[in-house]
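The values are calculated or read from the model by the stated rules, or taken from the named source; none is laboratory data. Everything numeric in this text was worked out from a predicted model, so none of it was measured. Glycine also receives a Cβ, built like all others from the backbone with ideal geometry; neighbour counts cover every protein chain displayed. Side chains included, ligands, DNA and RNA excluded: accessible areas come from the protein's heavy atoms. Shrake-Rupley method; radii C 1.70, N 1.55, O 1.52, S 1.80 Å.
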Amino acid sequence: MVNVFRKMGKRWEDPGVETKEGTAAPPKPRVRSSSRGPTGRSSSRTRSRRTPVDETTASVSSPSNKSTRSYGTPSVVARDDDDADDASKMKHMTGNETREEDADQVSTAPTEAPANRRKSIFPLMRSVEQPAVDTKPASPSTEEIGHAEVIYEEFGEEALDTITIKEYEKIPQPKRPNDVVIKVKSSTISIVDCTIRRGMYHEDIPLPNIPGFDIIGTIHKMGKSAKKSERFQEGDRVAALTRTGGNARYANVPISRLVRVPGSVDSAEAACIVTTFATAYQVLHRARPDSETHSLEGKHVLITGGSGPTGQAMIQLAHLAGASKVYSTALEKYHGMLRHLGAVPLPLTTKDWLPEVEGEMDFVADSLCQDDFASPHAALKKGGHLVVTGVSAINNTESRGMFGQPVSAKLAMFKARNVMSNTTVFDLWESFERKPEVYKRDLEYLLTLLEKEKIKPNLAGRVPLYDVPEAQKKIQEGKIRGMLVCKPWK
C-alpha cells in the first residue's frame with residue numbers, strides 16, 4: 001500500500017461540474033489509493049491518510065450507504081465486443097456487469113462477483129487462476145461514481161507510489177465555450193505516459209497531471225460556442241489527441257481536436273490508432289522534408305525496436321506503403337512476432353545488426369538512441385533519411401535530470417536536430433500543433449483502414465481505470481509487448 005498524496009500542501013484545481021443552476025462549481029473528490037487497484041475512499045470524500053489493509057483484499061466503508069466494498073486482485077477487462085455500445089448507445093451485459101441504456105445515467109444498484117473463478121491481471125504474461133472475490137455483503141456498483149480520474153501530484157519513478165484515483169459525484173462541464181466534455185470509452189496506457197510520470201518527458205508537463213495521450217468516446221456536453229458546430233453534436237462518437245487527461249471517465253477537449261470515429265470499429269482498437277498508428281504513419285509519410293514527393297514504394301526500411309507498439313504499427317504501414325523489404329531490430333524472443341508481421345528480424349545490439357544493413361537503407365526510424373543515433377545513420381544509403389522518434393534506451397537506463405529529461409538524452413536530440421545530415425526529429429504532439437488539419441486527415445484515413453481491417457493493433461489487454469497504476473508498472477518493466485487500453489466504465 002502507498003501514501004495517497006506525498007505532498008499534502010500542494011493545491012489542486014478541480015474541474016467544474018454540472019449543477020441544477022447550470023453553473024460551474026468544484027466537486028469534492030473521493031480519493032482512492034493506487035496500489036494494485038482501488039483500495040479505499042475517504043469517509044469525508046476529501047484527501048485523507050490511508051488505513052493499512054491487507055494487500056490482497058481491501059474492504060472499505062462506503063459513506064453513502066454504509067455498505068462494504070471488497071476489492072480483489074485487479075483484472076484485465078475481457079473483450080466484450082466493446083463497442084456495440086459505442087455505435088448503438090445501448091449495451092446489454094451479463095454476469096457482474098451492469099446494463100447501460102442511457103449514456104448519462106449511472107447505476108446505484110449493488111453488483112455481485114461471478115461465482116466462477118477469474119484470471120489474474122495481464123493474462124498475456126501469465127494465466128493464473130485466482131479465487132473469486134467475496135462480496136458479502138453486496139457491494140454497490142462503481143457506476144454510482146459520476147466521474148473518476150487517474151491522477152498524480154508529483155513526478156515519481158514508481159507508478160504505485162505516485163498515482164492515485166479521484167472520484168466525483170458530479171460530471172464535469174465544458175471549461176471554455178469551444179470545449180466539449182467527452183464520455184470516455186477507451187484511452188491508451190503507454191510508455192509515453194510512464195515517461196511523463198517519471199518527469200523525463202522532453203517538454204514541461206504541469207502538475208497535477210492526468211495521464212492518457214488519447215481518447216475515444218462520445219460527446220456528452222458541448223460548450224456554448226461548440227454547440228454552433230455543423231460537424232458535431234452531442235452523442236457523436238469521436239476521437240481526440242490530448243497528450244494528457246485521457247485516463248478518466250470524462251475529459252474536457254477543444255472541439256477543434258475532434259475526429260469522427262466510424263461506428264463499426266472497436267473503441268479499444270481505435271484508441272490504439274490515435275497515437276500509436278498516427279505516430280507510425282506520420283514518421284513514414286510526413287516527417288522528412290521531401291515527404292510530399294517521397295515514396296516508400298520499392299524501398300528498404302529499417303525500424304529499430306520494432307517489437308514495441310509503434311514499431312509494430314510502422315511495420316504494417318511500411319508494407320502498405322509498398323516497401324520492398326522491412327527490417328526490424330529486437331530481442332531474439334520477439335523475432336517470431338516480427339516475421340509474422342512480415343519484417344526481417346535483426347539483433348537488438350548495434351554491433352550485431354549494423355554489419356548486416358550498413359549503407360543499404362533508404363529509410364530508418366530510430367526510437368532507441370543506443371549510440372547517439374550513429375548506427376542508424378550509418379545504415380543509410382546515399383540519399384537515405386533517418387527519422388528520430390525517441391531516446392528510450394537512455395530513459396530506461398538513466399535517472400531523471402535536474403531539469404527533467406537526462407542530459408545525455410537532450411544532447412543526443414540536439415545532435416540529431418542540428419548536426420546530423422539527412423536526419424529529422426519527430427514528435428507527434430509537435431506535429432499535431434503545427435499542422436492539426438493534416439493530423440486529423442491522417443487519423444481519419446487510419447480509422448478507415450482499421451474499419452476495413454487493413455491494419456490491426458496488437459491489443460494486449462483492456463484495463464479498468466483503477467488498474468492503470470499497475471498497468472504503468474508492467475509497461476515500465478518491459479513486460480507488455482502490445483497496447484494496453486483503459487476502459488473507465490468497467
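Summary of values
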item: Global form of segment 397-449, assessed from the alpha-carbon gyration tensor, a/c cut-off 1.5; result: prolate
item: Antiparallel %, DSSP beta bridges [both residues in segment 304-429], to 5; result: 10
item: Within the accessible area of segment 392-490 (1.4 Å probe), percent carbon and sulfur; result: 50
item: Sulfur and carbon atoms: percent of accessible area, segment 316-366 [1.4 Å]; result: 52
item: Surface per residue (accessible, 1.4 Å probe) for segment 154-301, Å²; result: 34
item: Centroid-to-centroid separation of segment 410-446 and segment 296-331 [C-alpha atoms, Å]; result: 18
item: For segment 170-315: rounded, prolate or oblate by the Cα gyration tensor [a/c cutoff 1.5]; result: prolate
item: Contour minus Cα-Cα distance for E433 and K456 (0.36 nm per residue); result: 5.6 nm
item: Mean separation of Cα contacts under 8 Å (6+ apart) over length of segment 388-442, as relative contact order %; result: 30
item: Solvent-accessible area, 1.4 Å probe, carbon plus sulfur percent, for segment 269-310; result: 44
item: Segment 388-490: C-alpha gyration tensor shape, a/c 1.5 cut-off, then a/b vs b/c; result: oblate
item: Surface accessible to a 1.4 Å probe, per residue, for the residues of segment 381-490, Å²; result: 46
item: Neighbour net charge for P345 - beta-carbon separation under 9 angstrom, K R +1, D E -1; result: 0
item: Within-9-Å neighbourhood charge of F373 [Cβ basis; K, R +1; D, E -1]; result: -2
